[in-house]
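As structure tokens, the structure follows; a few thoughts come after it.
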Ligand code: KIV
């Protein structure tokens, strides 16, 4: 898949499947899968580094994850998340951040929110870098939103989101993530835009879906929002494997003779 395929998929009503990924080993497995594209999200700060929000993510963290993923998933389209505040100081700083992520081998960047970002998005796009927008629950603004909660409920909030979505398209975004938005509103926005929408907690009518890998694999302990479908009981499976290993070592069953070197 390349950036043009996002539009082509929407035009022929084929769903776009995205998954987050942050490390080399997982990226090799995604490479072998049918997943269309990878998001190296700033959720890395939470699921890979244990922070409570995405705010501690910075360019160095993001670039290290993008490089690792790019080494493993050589054939997948990779979107790198621009971290907190990286686009809100000076344009030269923003462009350096974008440049670093592209040199780390992202194929596009994702930028949260549109208020005050339109010109920046247009400048990045005109510089040859595709931009994915992100509206609804924008986790970098969690302190302003008052928590991780559904956005766009009520007439005024819904209208504001509709306008913001159009502004993302006008600014030059090639696609738009809609996070934690009522299903009907996400459907309306999807129908009103030329560019494809990628939903997370936004119902079934968006042009594609994205999930955080750790959520999909059932590895997250205490994070179970209703929009996550767990395709594996990963936590139990990992713990059972760790316990089986511990038991084998304690009982002298590991390593066996054929797992040991002879003279
Ligand atoms: O950082 C991330 O993983 C994201 C997705 C939840 C869309 O932005």
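The values are calculated or read from the model by the stated rules, or taken from the named source; none is laboratory data. The model shown is predicted, which means the values in this text are computed figures rather than measured ones. Note that each Cβ is placed from the backbone with ideal geometry, even for glycine, and that neighbours are counted across all protein chains shown.
Some notes on this structure:
- Meets criteria (exposed (fewer than 14 other Cβ atoms within 10 Å of the Cβ) and either modelled with pLDDT of 95 or more or within 25 Å of residue 172 (Cβ to Cβ) (or both)) for residue 4: yes
- Test: residue in the stretch 64-77 that is away from the ligand (no atom under 13 Å from the Cβ), over 21 Å from residue 138 (Cβ atoms), in contact with a strand residue (DSSP E or B) (Cβ under 7 Å, 6 or more places away or on another chain) and assigned to a strand (DSSP E or B): yes
- When residue 102 is tested against (1) more than 16 Å from the ligand (Cβ to nearest atom); (2) assigned to a loop (DSSP other than H, G, I, E, B), only condition (2) is not met.
- Only one of the listed residues (200, 195) is closer than 29 Å to residue 25 by Cβ, touching a strand residue (DSSP E or B) at 6+ places or on another chain (Cβ under 8 Å) and assigned by TED's automatic domain parsing to the domain that holds residue 7. That residue is 200.
- The stretch 150-192, residues that are part of a loop (DSSP other than H, G, I, E, B), in contact with a strand residue (DSSP E or B) (Cβ under 7 Å, 6 or more places away or on another chain) and within 16 Å of the ligand (Cβ to nearest atom): 151, 152, 173, 174, 180, 181
Every residue, every condition in (1) within 26 Å of residue 11 (Cβ to Cβ); (2) out of contact with any helix residue (DSSP H, G or I) (no Cβ under 6 Å at 6 or more places or on another chain); (3) in contact (Cβ under 8 Å) with a residue 60 or more places away in the chain, yes or no:
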{"position": "135", "(1), (2), (3)": "yes, no, no"}
{"position": "142", "(1), (2), (3)": "no, yes, yes"}
{"position": "146", "(1), (2), (3)": "no, yes, no"}
{"position": "149", "(1), (2), (3)": "no, yes, no"}
{"position": "160", "(1), (2), (3)": "no, yes, no"}
{"position": "163", "(1), (2), (3)": "yes, yes, no"}
{"position": "197", "(1), (2), (3)": "yes, no, no"}
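- The helices (runs of 4 or more DSSP H) found entirely in the stretch 3-58 that carry 1 or more residues being farther than 14 Å from residue 110 by Cβ and in contact with a helix residue (DSSP H, G or I) (Cβ under 6 Å, 6 or more places away or on another chain) are 24-31, 44-47.
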